[in-house]
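Below is one structure; the comments refer to it alone.
The values are calculated or read from the model by the stated rules, or taken from the named source; none is laboratory data. All figures in this text were calculated on a predicted structure; none of them were measured in a lab. Here Cβ is always computed from backbone atoms with ideal geometry, including for glycine, and neighbour counts include all displayed protein chains. What goes into the accessible areas is simple: the full protein's heavy atoms, side chains included, and nothing from ligands, DNA or RNA. Shrake-Rupley method; radii C 1.70, N 1.55, O 1.52, S 1.80 Å.
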Amino acid sequence: MTTALIPGTVRTRLEHVWSTVVTLDVRDEHATDTGVDAAWRSVVAELHRIDRVFSTFRDDSVISRLRRGGKQVVADDVAEVIDRCLEARRLTDGAFDPWAAPGGFDPSGLVKGWAADRCADIVRQHGFPSFTLDAAGDLACRGSIPGSTEHLGWPIGITHPDDPLAVAAVVDVRDSAIATSGVSQRGEHVLDPRTGEAARGARQATVVGTDAALADALATALLVEGRDGARWFSALPGWSAYVVDGGTTTAWGPAFTTSIPSPGGEER
């Protein structure tokens, strides 16, 4: 996903972590480089701490030890993530189930969004009200466009599933989160927890809501279920989804109240 061009000064910071890139764009007109640097140092420290705890690619992480059957005192934030995974599994009728992952419990489908919200809280604590934090496609958006008399949200472009340089749709996100899961960038990396095979419900799913952790998990679940996920997604008031299946686009919720062209050229 991308942030559409917005007038004014933007101070950008990025960090390579989790085998990807995390980016912060601060658009507060009163921000200084010194202040942004201080906030970013705190964010970077938290990103690498989260990697040490939750990475399934590190043999020494807490999650890797748990996956091997290790017994130890679990840190408070690990218990929190486990609780959030249980919540997401319940809300999606099992379409999101990190306990069904090969090798054991793998919360990766929720942790990036959870981390985005935690890091956004850190930036807010440093006094910045208006920014976006992109944790490898899971965005936490805070505040509104500086100078906007209408307090407009951030215009976030949803990447076209067939062309990573094109935008399929643009959605305004304010004090909320947006997450996308799809096969165009990383291939068939999401498995259907009920079959163990690659998810076939949709080619791409985007979710907009107040909680980045849940948005991350719901986007993963909709990649598994596709339009059939409406049976449980419709029970989530205030949440929105944009699902691409073949050349057909289905959109639900208040973020997509206007007609949106589908990647195949049709309208929803």
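Computed on the range 216-261, with alpha-carbon pairs under 8 angstrom and 6+ residues apart, the relative contact order is 27 percent. Listed by number, the DSSP H helices of the chain that run 27 Å or longer by alpha-carbon position along their axis and have mean Kyte hydropathy of at least 1.0 come to an empty list.
One Cα centroid belongs to the range 214-249, the other to the range 32-80; the line between them spans 28 Å. Considering only 99, 250, 111, the residue lying farthest towards the positive end of the dipole of the chain is 99, judged by Cα position with unit charges set on Cβ. Taking every alpha-carbon pair under 8 Å whose residues sit at least 6 apart, the chain reaches a relative contact order of 16 percent.
Using a cutoff of 8 angstrom between alpha carbon atoms and counting only pairs six or more residues apart, the relative contact order for the range 1-149 works out to 27 percent. Taking amide hydrogens as placed 1.01 Å from N in the peptide plane, the amide H of residue 17 sits under 5 Å from those of 22, each at least 5 positions away in sequence or on another chain. Residues whose amide H lies under 5 Å from that of residue 176, counting only those 5 or more places away or on a different chain, are 141; hydrogens are built 1.01 Å from N in the peptide plane.
What accessible area per residue comes out for the chain, rounded to a whole number of Å², with a 1.4 Å probe?
I get 46 Å² per residue for the chain.
With helices as the sole contributors, the chain gives -9500 deg cm²/dmol at 222 nm; each DSSP H run of n ≥ 4 counts as -39500 (n - 2.57), and the sum is divided by every residue. Counting protein heavy atoms only, the chain has 50 percent of its accessible area on carbon and sulfur, 1.4 angstrom probe.
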